[in-house]
Amino acid sequence: TLSSSTPADDSTAIAVASNIVLNFNETVDTESGNIVIHETSGDAVVETIDVTGGLVTGTGTSTITINPTNYLSDETEYYVLIDATAFDDTSGNSYAGIADKTTLNFTTETVTMDGSHGAIVIGTQIWTDSNVSLASGTLGADYWSSYSGSHGPGTGSDEDGYYYTWDAAMNVCPSGWRLPSDADWMILEEYLGMDSGTGTGQSDATGWRGTDEGTKLKEG
């Protein structure tokens with residue numbers, strides 16, 4: 001019998017990177033079948049997870065952990081279905097599973113950077129949804145609202161965000177946020193379809209890389 005879960009049924013503000021943990025009142029083994037995560041609105045399948053695969057751990061214990069491939073979307077309600085063949089106890093009795101939308105459902109948190117910048121979940125990462133334009137009194141003259149070439153302040157547009165010296169850029173992000181590294185960009189590029197490797201156009205190539213991945217980030 002399933003005694004509890006994390007997230008709990010009907011819980012809210014669940015972190016988008018959360019695993020799903022099933023706590024049984026006895027030891028269970030994984031057998032066969034799937035765990036399926038759905039969006040409640042429209043019943044779209046988010047991910048189908050084979051219980052015998054690497055995303056499900058804990059067989060031989062009373063705690064089963066499900067690690068979705070990607071983060072969940074924010075501000076979204078989900079429900080979880082579990083095949084009746086997925087788990088057996090040590091006597092061979094099968095867990096009944098979950099076949100409805102209400103036994104295990106939850107809503108994810110609102111992801112945001114600050115009052116001026118929203119955020120968006122892409123794969124296993126969270127990015128701001130606009131260029132950073134944060135000012136701080138401690139930055140002094142180390143940032144500008146626009147920039148011209150490599151010589152200092154110039155004419156720019158609002159959507160460009162602010163331009164920073166290196167020292168200012170290292171300190172401008174709010175607590176819990178940071179500037180992306182090249183490795184972060186590679187993860188994003190590969191999630192969007194870029195091939196991994198050092199060859200021409202691949203994610204670890206020197207110089208220009210990729211094909212149409214950038215267009216996939218455009219609004220709409």
| Within the range 86-104, how many residues are of a type in the set (Ser, Thr, Tyr) and either touching a His at 6+ places or on another chain (Cβ under 9 Å) or surrounded by fewer than 15 Cβ atoms within 10 Å (Cβ to Cβ) (or both)? | 3
| Odd one out for TYR147, checked against (1) at pLDDT below 65; (2) loosely packed, with under 11 Cβ neighbours inside 10 Å; (3) over 23 Å from GLY210 (Cβ atoms) | (2)
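Going through the range 1-20 one residue at a time, which ones are among the hydrophobic types (A, V, I, L, M, F, W, C) and either at pLDDT below 95 or closer than 16 Å to TYR71 by Cβ (or both)?
Quick first cut of the range 1-20, residues among the hydrophobic types (A, V, I, L, M, F, W, C) only: 2, 8, 13-17, 20.
Within the range 1-20, ALA13, ILE14, ALA15, VAL16, ALA17, ILE20 meet the criteria.
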| Filtering the range 175-201 down to residues that are of a type in the set (D, E, K, R) and in a loop (DSSP other than H, G, I, E, B), which residue is modelled with the highest pLDDT? | ASP195
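Residue by residue, here is whether (1) surrounded by fewer than 14 Cβ atoms within 10 Å (Cβ to Cβ); (2) in contact with an Asp or Glu (Cβ under 7 Å, 6 or more places away or on another chain); (3) of a type in the set (Gly, Ala, Ser) holds:
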| residue | (1), (2), (3) |
| --- | --- |
| THR1 | yes, no, no |
| VAL36 | no, no, no |
| THR40 | no, yes, no |
| VAL46 | no, yes, no |
| GLY58 | no, no, yes |
| task | Please state which of the following conditions THR124 fails to meet, knowing it meets all the rest: (1) of a type in the set (Ser, Thr, Tyr); (2) exposed (fewer than 14 other Cβ atoms within 10 Å of the Cβ); (3) under 22 Å from TRP185 (Cβ atoms). | result | (2)
| task | Search the range 35-63 for residues that are touching a residue at least 60 places away in the same chain (Cβ under 8 Å) and under 19 Å from SER18 (Cβ atoms) and pair each with any residue that is among the hydroxyl-bearing types (Ser, Thr, Tyr) and part of a strand (DSSP E or B) when their beta-carbon atoms are under 9 Å apart and the residues are at least 6 apart or on different chains. | result | HIS38/TYR78; HIS38/TYR79; THR40/TYR78; THR40/TYR79; THR40/THR107
| query | What number of residues within the range 186-220 satisfy the criterion of being within 20 Å of THR124 (Cα to Cα), in contact (Cβ under 8 Å) with a residue 12 or more places away in the chain and surrounded by 15 or more Cβ atoms within 10 Å (Cβ to Cβ)? | reply | 12
| said: Of all residues being out of contact with any Phe, Trp or Tyr (no Cβ under 8 Å at 6 or more places or on another chain) and not hydroxyl-bearing (Ser, Thr, Tyr) in the range 71-85, which is surrounded by the fewest Cβ atoms within 10 Å (Cβ to Cβ)? Just the residue, please. | reply: GLU75
| query | Across the range 202-220, what is the number of residues that are farther than 15 Å from ASN131 by Cα and assigned to a loop (DSSP other than H, G, I, E, B)? | reply | 11
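Just one of THR103, THR48 is out of contact with any Pro (no Cβ under 7 Å at 6 or more places or on another chain) and either over 21 Å from ALA8 (Cβ atoms) or among the acidic types (Asp, Glu) (or both); which is it? It would help to see each step written out before you state the result.
Numbers: THR103 fails: either over 21 Å from ALA8 (Cβ atoms) or among the acidic types (Asp, Glu) (or both).
Of THR103, THR48, the one residue that is out of contact with any Pro (no Cβ under 7 Å at 6 or more places or on another chain) and either over 21 Å from ALA8 (Cβ atoms) or among the acidic types (Asp, Glu) (or both) is THR48.
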| request: Could you check, for the range 13-28, whether at least one of its residues is within 30 Å of VAL132 (Cα to Cα), in contact with a Phe, Trp or Tyr (Cβ under 7 Å, 6 or more places away or on another chain) and assigned to a strand (DSSP E or B)? | output: yes
| note | Residues of the range 83-137 being at positive phi and either of a type in the set (Phe, Trp, Tyr) or in contact with a strand residue (DSSP E or B) (Cβ under 6 Å, 6 or more places away or on another chain) (or both), in sequence order, are GLY97
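When only residues in the range 44-62 that are polar (S, T, N, Q) and not in a strand (DSSP E or B) count, which is farthest from ILE82 (Cα to Cα)? Can you show your working first?
Here is the first cut: in the range 44-62, the residues polar (S, T, N, Q) are 48, 52, 57, 59, 61-62.
Now narrow it down to the ones that are not in a strand (DSSP E or B): 52, 59.
Details: THR52: 13, THR59: 15 Å.
That would be THR59.
The values are calculated or read from the model by the stated rules, or taken from the named source; none is laboratory data. What you see is a predicted model; the values in this text were computed from it and never measured. Backbone-built Cβ (ideal geometry, glycine too); neighbour counts: all protein chains shown.
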